[in-house]
Protein chains: 2
Amino acid sequence: MGLTIGLVGATGAVGRKMMEILQERKIPVDTLRAFASQRSAGEKLEFNGKEITVELLTEEVMKDTFDYLLFSAGGGVSEKYAPIAAAAGNIVVDNSSQWRMTEDIPLVVPEVNSHVLKGYRGIIANPNCSTIQMIVALAPLHKKYGLNRIVVSTYQAVSGSGHEAIMELEGQIKDAAHPHTVYPKRIAANCIPHIDVFNENGFTKEELKMVYETQKILEDDSIQVNATTVRIPVFYGHSESLYLEFDQEPNVQEVKAILEEAEGVIVMDNPEVNEYPTPLETANTDDTYVGRIRKDLFNTKALSMWVVADNLRKGAATNAVQIIEAMEAMI
Amino acid sequence: MGLTIGLVGATGAVGRKMMEILQERKIPVDTLRAFASQRSAGEKLEFNGKEITVELLTEEVMKDTFDYLLFSAGGGVSEKYAPIAAAAGNIVVDNSSQWRMTEDIPLVVPEVNSHVLKGYRGIIANPNCSTIQMIVALAPLHKKYGLNRIVVSTYQAVSGSGHEAIMELEGQIKDAAHPHTVYPKRIAANCIPHIDVFNENGFTKEELKMVYETQKILEDDSIQVNATTVRIPVFYGHSESLYLEFDQEPNVQEVKAILEEAEGVIVMDNPEVNEYPTPLETANTDDTYVGRIRKDLFNTKALSMWVVADNLRKGAATNAVQIIEAMEAMI
């Protein structure tokens, strides 16, 4: 007897990727129901060789019985419909930022803190794309050396802003006069240090997500995170430049050994033969890639590294599907 | 009576930009002589409406009398020819990295340390592009608050690798099969955390330049710099994400006021109306642009900011021409 899974926001970039990954990872889905707004309801999708008609999202359908509901339709939809689905006894894995910082909602990177899922039913939050890949790489090092400061600068792909952003970059590359509507400025041949809205403290909401989601997932409010999140003209794959300060002095060879053993991490770190991850080389895979691991020149307790992952996969859809796998493994 | 200026490496991307800027800034040039290797000698260039024939670079011509010789032909050429020119009594402004860290050679960002030029004759080094713009923005803050740590991640344009790199990115944008020869990996729709060669400590030479040139220019070896330098698919303009720790607690309003007064700096920092610098908006100007100035959320003595400048102009040619201006102003 397979699972009944509902997909809210099935026609978006992440929704489609979720369907792809449910199939790839051979999740035993018996029934897949896809939901979307009026605009997309009625569209046909294919899943495991069968045609699926996108249903209209309503409060009523959220009260049906699902093993899991995957939400990827923005914060407003999650705010309204996820509690209805959860109140009806369903488990919701929500990809929006709506519930991430709510106290009793688990925020989960399965390799790192799936223990919080034990015995849980209700809304589970999928972290921000930039946070997930950083946490996958840092959690094992935090455990060993005790992280106390993270300074991160990101190099984020346009696919993180959805399908229209991919079209905007493609359009601008072909035509210098192509307008910008998704981004506040032209993104082709440019970089924009502005992702999500600005808070009055001068940080963007994207940057603040990296601060507070990291503290929540690692269950340690003493970790001081400073983030600068930047959009660059790359289609798929987020990269991160990390400077890390630890309580204990890290050793580069030991760090590599720890990361080589870590679940979901691939160490690509032989710079003498140009081996370090780039988004173009690692896109369309589910792992988090780490390279350029090096000690700071002055602070013996500090390290730098470079972390890359596919933002639609590990940064969104794969992580959500892995949450289902983790829940299933606990039954 | 105007100046006699020699330009070594006149046909390269920076050499051509130097000619452009000598004209723009109305440097009183009486005679401009252009030098290049066998490959480019004989080419015709135009300067102030007159045709100039590129001469072959030889040891003999370097012994002629010049008011200034601008070198931009790579480290090997500077290593061989700059000492000959200097021994003959000429002032050399060298854009290569060859002499930057040599003890008695001044390394100059005119807004910051032109005092070291007083009474000097011989080789003067022009700093690395990424270092120059960072120093322009940070020197006034160092003076006020005492910098003790800089963590910098760069977003560097391909023009920093010369004309062939611009052609490589253009070619790859038009044709997915266009090869990479300048860069170790494809740069279109990618980012590459690898600029210049790797040192055995895991940092690249470009990153180490940012460390040691900063200490030399600011005359303070206690400043701890950690750099990650990254090439992105942008044609003109380098951007930098900076995390800064000071001895004294900085105040954001005061920082803005200091930078608004600083020579060569333009503050673009009203994020609520999408005002922050990007390379596409600021390219082809001579200033250094600073935005996204904000206090760290945890460390009261730390600030973040975003700095952008045109790498061929302020990062290379403009700075070199400003060194001539500073020397002339001292006579």
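Couple of notes before you dig in:
- Working from label points 7 Å from Cα in the Cα-to-Cβ sense, the B:Asn251 to A:Lys174 distance is 5.4 nm.
- Under the membrane-span-like helix rule (DSSP H runs whose alpha carbons stretch at least 15 Å along the helix axis, mean Kyte-Doolittle hydropathy -1.0 or higher), chain B yields B:13-24, B:75-87, B:129-145, B:163-174, B:318-330.
- Label-point spacing for A:Asn48 across the identical copies (point 7 Å from Cα in the Cβ direction), in nm and ascending order: 8.0.
- Along its three principal directions, the equivalent ellipsoid of segment A:256-314 from the Cα gyration tensor extends over semi-axes of 22, 13, 10 Å, largest first.
- Of A:Leu45, A:Leu259, A:Leu69, the one that fluctuates the most in a GNM where chain A has Cα springs shorter than 10 Å: A:Leu45
- Pair-distance distribution of the protein assembly as shown: all C-alpha pairs, bin width 10 Å, starting at 0; shares per bin in whole percent are 3, 15, 24, 24, 17, 9, 5, 3, 0, 0.
- Chain B Cβ-axis minimum, rotational copy A, residue and distance in Å: B:Ser153, 2
- Averaged over the residues of A:235-247, the number of partner chain Cβ atoms lying within 10 Å of the residue Cβ comes to 3.
- Length-normalised contact order of segment B:130-311 in % [C-alpha pairs under 8 Å, at least 6 apart]: 29 percent
- Peptide A:288-295, shielding by other chains (average Cβ, 10 Å cutoff): 3
- Taking chain B as a Gaussian network of alpha-carbon nodes connected by springs under 10 Å, the highest mean-square fluctuation of the residues B:Val308, B:Val109, B:Val29 belongs to B:Val29.
- Efficiency of FRET from Cβ geometry, A:Thr285 and A:Thr31, R₀ 22 Å, rounded to 0.05: 0.15
- For A:Glu103, label point 7 Å along C-beta direction: distances to other copies, nm: 6.4
- DSSP-defined antiparallel bridges as percent of all bridges, segment A:130-311, nearest 5: 75 percent
- Helical content alone sets the calculated 222 nm signal of the protein assembly as shown at -9000 deg cm²/dmol, taking -39,500 (n - 2.57) per DSSP H segment of four or more residues and averaging over every residue.
- Computed over segment B:130-311, Kirkwood Rh from alpha-carbon pairs, angstrom: 17.0 Å
- Backbone amide hydrogens, once placed in the peptide plane, bring B:Leu312 within less than 5 Å of B:Gly237, excluding anything fewer than 5 places away on its chain.
- Ordering of A:49-55, B:299-305 by packing is B:299-305, A:49-55, highest average first (other Cβ atoms within 10 Å, averaged per residue).
- A:His115/B:Gln38 FRET efficiency (R0 60 Å; Cβ-Cβ; nearest 0.05): 0.30
- Taking every C-alpha pair closer than 8 Å and separated by at least 6 residues, the mean separation divided by the residue count of chain B gives a relative contact order of 18 percent.
- Beta bridge orientation in the protein assembly as shown: antiparallel %, DSSP, nearest 5: 50 percent
- Alpha-carbon centroid distance for the pair segment A:35-67 / segment A:177-215, whole angstrom: 31 Å
- Chain A: Cα Rg divided by the 2.2 N^0.38 Å rule of thumb: 0.99
- Projecting 7 Å from Cα along the Cα-to-Cβ direction, the label point of B:Leu3 sits 7.0 nm from its equivalents in the other copies, listed shortest first.
- Segment A:83-156: trypsin sites (Lys or Arg not before Pro) in DSSP loop, at most 14 other beta carbons within 10 Å: A:Lys118, A:Arg121
- If the segment from B:Glu219 to B:Asn48 were pulled out straight at 0.36 nm per residue, it would be longer than the present Cα-Cα gap by 57.7 nm.
- At full extension, A:Thr181 and A:Val273 could sit 29.0 nm farther apart than now, given 0.36 nm per residue minus the alpha carbon distance.
All of the numbers you see were taken from the coordinates with simple rules; none came from a lab. Note that the structure is a prediction, hence the values are computed from the model and not measured. Cβ coordinates were reconstructed from backbone atoms using ideal geometry, including for glycine residues, and neighbour counts include every protein chain displayed.
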